[in-house]
Amino acid sequence: MSALMRGGLLILAAALVAGCANVKSTIMGQAGKVAPEIAGVDADGVAFNLSDYRGKVVLLDFWSTN
C-alpha cells in the first residue's frame, strides 16, 4: 500500500471518529429529557401521538425515497 493511500485512509478514519464523537455527544446530551410531541399516521392509516407510548421504548425511523 502506498504512503499516499495510507495517509488518505488515516485522514478518513480520523474524520469518521471525529464525526461519530460529535453525533454521540449530541444524541446522548438529550437522554433523560422529555421528547417533543410528535403526531403522525402509522402504516395502517391510524393516527397516533408519541405520548400514546409514554413509558415504552420507541424507535423512530425517519427516511426518504428522494
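Here are the numbers for the structure shown:
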| item | result |
| --- | --- |
| Rounded to whole Hz, the Karplus (6.51, -1.76, 1.60) HN-Hα couplings of segment 36-50, x for glycine and proline | x, 5, 10, 10, x, 10, 7, 5, 8, x, 8, 5, 8, 10, 4 |
| Cα→Cβ-extended label distance, 7 Å offset, between ALA35 and LEU9, nm | 3.9 nm |
| Theoretical gain in end-to-end length, SER2 to PHE62 [0.36 nm per residue, Cα-Cα removed] | 17.6 nm |
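Every number here is computed from the coordinates shown, using simple stated rules; none is lab data. Note that this is a predicted model, so its numbers are computed, not measured. A quick note on method: Cβ atoms are made from the backbone with ideal geometry, for glycine too, and the neighbour counts reach across all protein chains shown.
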